[in-house]
Amino acid sequence: MPRLPALFALALALAACHRQPEEVRAGDAWLRLPAVADRPGAAYFKVTGDARDHVLVNVSTPVARRTELHESMKTGEGAAAMSTMKPIDNVPLPPGGTIRFAPGGKHVMLFGLEKGLHAGDRVRLVLGFGDGTDLETEAKIVGPADPAPY
Ligand SMILES: [Cu+2]
């Protein structure tokens, strides 16, 4: 049975895919520049958990003086519907779970953005967790009217 070792290796590889993820990973990060200078920008990303519980408590970038975690929501009905947002303190990341910050939902509000940022630039985004650990990822900058890149 000369093919058996190859099948055995494949089975091992598949088994590895289904193990609990071993580390928290962040990706698909991007930053929307404001249409009007001096207004806040926003940042979005996704983060996936490992085998333990984590809590995301802040997200920062060297190109913003101050940041807040926000959540957007719709209030009212029909023509009276409005989109509002409120600050959130933290976001739990359960074992193996995924948190997605996306337009219309959770976002990072970026106050005091550095001047001279351009669409296409890449900047550092730092995710801070309740246990004091940080996770860095790279965010792609998009213009005010550009579509979401992820
Ligand atoms: Cu906001």
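Considering only residues of region 50-68 that are open to solvent by less than 50 Å² (accessible area, probe 1.4 Å) and within 21 Å of L113 (Cβ to Cβ), which is farthest from the ligand (Cβ to nearest atom)?
For region 50-68, the residue satisfying everything is V63.
Quickly run through region 22-49 and pick out the residues that are under 13 Å from P103 (Cα atoms), away from the ligand (no atom under 16 Å from the Cβ) and surrounded by 22 or more Cβ atoms within 10 Å (Cβ to Cβ).
A29 - this is the single residue of region 22-49 that is under 13 Å from P103 (Cα atoms), away from the ligand (no atom under 16 Å from the Cβ) and surrounded by 22 or more Cβ atoms within 10 Å (Cβ to Cβ).
Please give the number of the condition I88 fails out of (1) surrounded by 12 or more Cβ atoms within 10 Å (Cβ to Cβ); (2) free of Cβ contacts under 8 Å to residues at least 24 places away in the same chain; (3) away from the ligand (no atom under 16 Å from the Cβ).
(3)
How many residues does region 116-145 contain that are part of a loop (DSSP other than H, G, I, E, B), more than 16 Å from the ligand (Cβ to nearest atom) and at pLDDT 95 or above?
Here the count works out to 10.
From the list G116, G96, which residue is open to solvent by 20 Å² or more (accessible area, probe 1.4 Å), free of Cβ contacts under 8 Å to residues at least 24 places away in the same chain and on the phi > 0 side of the Ramachandran plot?
G116
The values are calculated or read from the model by the stated rules, or taken from the named source; none is laboratory data. Since this is a predicted model, take the numbers as computed values, not measurements. For neighbour counting, all protein chains shown are included, and Cβ atoms are generated from backbone atoms with ideal geometry for every residue, glycine included. Heavy atoms of the whole protein, side chains included, go into the accessibility calculation; ligands, DNA and RNA do not. Shrake-Rupley method; radii C 1.70, N 1.55, O 1.52, S 1.80 Å.
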